[in-house]
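Following: one structure in structure tokens, then a few remarks.
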Amino acid sequence: MNASVVLRAAATPASPALVLRPWRMEDVAALVEVGRDPGLRLWADSGVDDEAEAAAQWVRAQQRGWTAGDRLGFAVLAEEPGSVHGQLVGSVVLKEATPGEPAAEVGYWTAARARGRGVAPRSLEALTGWAFDTFEADGLERLELLHQVDNPASCRVAQKTGYDFDSILPASPPAFPHDGHLHIRRASA
């Protein structure tokens, strides 16, 4: 898969434009900072004590996903006037978009400092449009969004982006310790 894909989400009155691009090693320091939020803890189960090394391992895993084509992760950056880098505000990912398979999964997280500013819905909408544009000809019919039932913010993001509630999924510890919601968005939506 081409790891040079760049997606954009327009600015809103309350929030700057967003740039979505594959993760780079230069993102490690910002990822360490964002990852200190107890609500995220991206690498809590990494087994690595050093935050910078854990973040570097996570970024390398995202890069391997692009190489393998099975996990297409994007760093979400808020555009900053006069800067080519932008501030890390989140992440979105497309998982298992396999030719001939009708479904793939999407996921996301938002940095604490950017929550409540439309980052997740705008990023997810950009990813969703790109995923269907890129993979519908290969058989992609629907995208699935899963979240734990005790995460009402993810329910709101799903609703805002046209992912309809489908069913409750049983817990699957350790990765999914509580029951979850399955939301689906179809290519025709």
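Restricting the search to region 70-93, which residues are surrounded by fewer than 16 Cβ atoms within 10 Å (Cβ to Cβ) and closer than 24 Å to A187 by Cβ? Explain how you work it out, then say what you get.
Within region 70-93, the first condition is being surrounded by fewer than 16 Cβ atoms within 10 Å (Cβ to Cβ), and the residues that meet it are 70, 80-85.
Listed by number, the list holds a single entry, D70.
For region 5-34, name all the residues that are modelled with pLDDT under 90, surrounded by 13 or more Cβ atoms within 10 Å (Cβ to Cβ) and not in a helix (DSSP H, G or I).
Within region 5-34, just S15 meets the criteria.
Say we look at region 35-46 and pick out the residues that are in contact with a Phe, Trp or Tyr (Cβ under 7 Å, 6 or more places away or on another chain) and part of a loop (DSSP other than H, G, I, E, B); which of these is modelled with the highest pLDDT?
At the first step, the residues of region 35-46 found to be in contact with a Phe, Trp or Tyr (Cβ under 7 Å, 6 or more places away or on another chain) are 35, 40, 42-43.
Keeping just the survivors that are part of a loop (DSSP other than H, G, I, E, B) gives 40, 42-43.
Numbers: L40: 67, L42: 40, W43: 37.
Checking each candidate, the answer is L40.
For region 65-105, what are the residues that are of a type in the set (G, A, S), over 16 Å from D27 (Cα atoms) and part of a loop (DSSP other than H, G, I, E, B)?
Of everything in region 65-105, those that are of a type in the set (G, A, S), over 16 Å from D27 (Cα atoms) and part of a loop (DSSP other than H, G, I, E, B) turn out to be G69, G82, A97, G100.
For region 106-125, which residues satisfy the criterion of being within 16 Å of L31 (Cα to Cα), small (G, A, S) and not in a helix (DSSP H, G or I)?
Of everything in region 106-125, just one residue is within 16 Å of L31 (Cα to Cα), small (G, A, S) and not in a helix (DSSP H, G or I), namely A111.
Looking at region 47-62, can you tell me whether even one residue there is under 14 Å from the mean Cα position of the chain (by Cα), assigned to a helix (DSSP H, G or I) and of a type in the set (S, T, N, Q)?
Checked against the condition, which is being under 14 Å from the mean Cα position of the chain (by Cα), assigned to a helix (DSSP H, G or I) and of a type in the set (S, T, N, Q), region 47-62 yields at least one hit.
Mind checking which pairs have a first residue in region 154-170 that is under 16 Å from R115 (Cα atoms) and surrounded by fewer than 16 Cβ atoms within 10 Å (Cβ to Cβ) and a second that is modelled with pLDDT of 95 or more and of a type in the set (D, E), Cβ under 9 Å, 6 or more apart or different chains?
Going by the 9 Å Cβ cut-off, the qualifying pairs are K160/E125.
For residues in region 94-142 being in contact with a strand residue (DSSP E or B) (Cβ under 6 Å, 6 or more places away or on another chain) and at positive phi, which is surrounded by the most Cβ atoms within 10 Å (Cβ to Cβ)?
G118
Please state which one of H183, H178 is over 30 Å from V6 (Cβ atoms), in contact (Cβ under 8 Å) with a residue 24 or more places away in the chain and not charged (D, E, K, R).
Details: H183 fails: over 30 Å from V6 (Cβ atoms).
Exactly one of H183, H178 is over 30 Å from V6 (Cβ atoms), in contact (Cβ under 8 Å) with a residue 24 or more places away in the chain and not charged (D, E, K, R), namely H178.
The values are calculated or read from the model by the stated rules, or taken from the named source; none is laboratory data. These numbers were taken from a predicted model, which means no experiment stands behind them. Here Cβ is always computed from backbone atoms with ideal geometry, including for glycine, and neighbour counts include all displayed protein chains.
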